[in-house]
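One structure below.
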Amino acid sequence: MTEAQPRPELSVVIVSYRCRELLLECLGTVREGADGMPVEVIVIDNASEDGTVEAVGEAFPWVRLVAAPGNIGFAAASNRGIELASGEHVLLLNPDTLTPRGSLRKAVEALEERPEVGMLGCKLVQPDGSLDHAAKRGFPTPSSALAYFTGLSRIRPRSPRLARYTAGHLSPDEPALVDAVNGAFMLVRREALAAVGPLDEDFWLYMEDLDWCYRFWEADWPVLYWPGAEVVHVKGGSATKNRSWPANRAFHRGMWLFYRKHYLPDRSPLVSALVWLGVWGKLGVSALRSLAARGGAAR
């Protein structure tokens, strides 16, 4: 008789899409990050068609890999992974991250030491060591989003009002309860996950992490930014700065969905109309910039 395997302390769920090399680098660091802690890794590949499935199967046979029938989006793919996860804790991890030795273990231990916390995000740094300011965030409001996208927040990066979108008033080296953490690293406890439920699949790509954090707070499961562990976030593993039209549209659609879901009932029709015009007007400007940038790169 085969002995039953112990339940893993941590289930790591990674969604991949056309980022084979970054994913392989990421997977190569997960066990170091766990540092001896029982861990299972589940990869949901959104039909990358770049050899990801074969490469992962060959290099990491211990990874459970599921090939989705198409690009079903980040939220839906994450939910498929969560359904398969059996660990005491579940971590949504981007494929463009690197987890240094002990980082995952430290994060899990920090969450276990705070039974009132439902979700934990770590300190994200870019490859050059600089802070990824998206590691801690405030929920977007019309005024904070305007300050962020117009660059006003960079003039006063520590202002509670102007820099609310990136929680700039909070030190990146001090733990603090925050509105939201980044979807690149979202560690949740099983009990909180059961209370809050899966990600909202109406968000195909982008803003699903903000929505999930909002719902954690609604369910009285606070979200913690904890810089005691650093994870490298390469950024742009599945989406580049100059987004494709589908990705660009999904980003702005996600902004409007978040507003419509959480703010619309309490806002005046005039404010909501201005937000709608702002979101879709920004999409037009962003799409033209991306098109021009890609055209320039092609020359």
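Bear in mind that the values in this text are calculations on the coordinates, not laboratory data. Because the structure is a prediction, the values reported are computed rather than measured. All Cβ positions, even for glycine, are placed from backbone atoms using ideal geometry, and neighbour counts span all protein chains on display.
Here the calculated FRET efficiency for F149 and E191, from their Cβ-Cβ distance with R0 = 35 Å, stands at 0.45, rounded to the nearest 0.05.
The alpha-carbon positions of the range 245-294 define a convex hull whose volume is 51 Å³ per residue. Total lysine pairs in the chain at Cα distances under 16 Å, for residues eight or more apart or on different chains: 5.
Antiparallel versus total DSSP beta bridges in the chain: what percent is that, nearest 5? Here the share of antiparallel DSSP bridges comes out near 40 percent. Counted residue by residue at 0.36 nm each, then reduced by the alpha carbon distance between them, the extension gain from S86 to S159 reaches 22.1 nm. Extension gain, A247 to K261, is 3.0 nm, computed as 0.36 nm per intervening residue step minus the present C-alpha separation.
GNM remark for the chain: springs join alpha carbons under 10 Å apart, and the peak mean-square fluctuation among R215, R267, R190 falls on R267. Net length available on complete extension from A273 to E109 is 54.5 nm, with 0.36 nm assigned per residue and the Cα-Cα distance removed. Taking only the Cα atoms of the chain, the radius of gyration and Dmax are 19.1, 68 Å.
Distance between the modelled labels on V285 and E32, one decimal in nanometres: 4.2 nm (7 Å Cα→Cβ projection). Mean Kyte-Doolittle of at least 0.0 and a Cα length of 20 Å or more along the axis: which whole DSSP H helices of the chain meet both? Correct list, ordered by number: 20-34, 269-298. Computed from the C-beta positions of A219 and H169, the FRET efficiency with R₀ = 25 Å rounds to 0.45.
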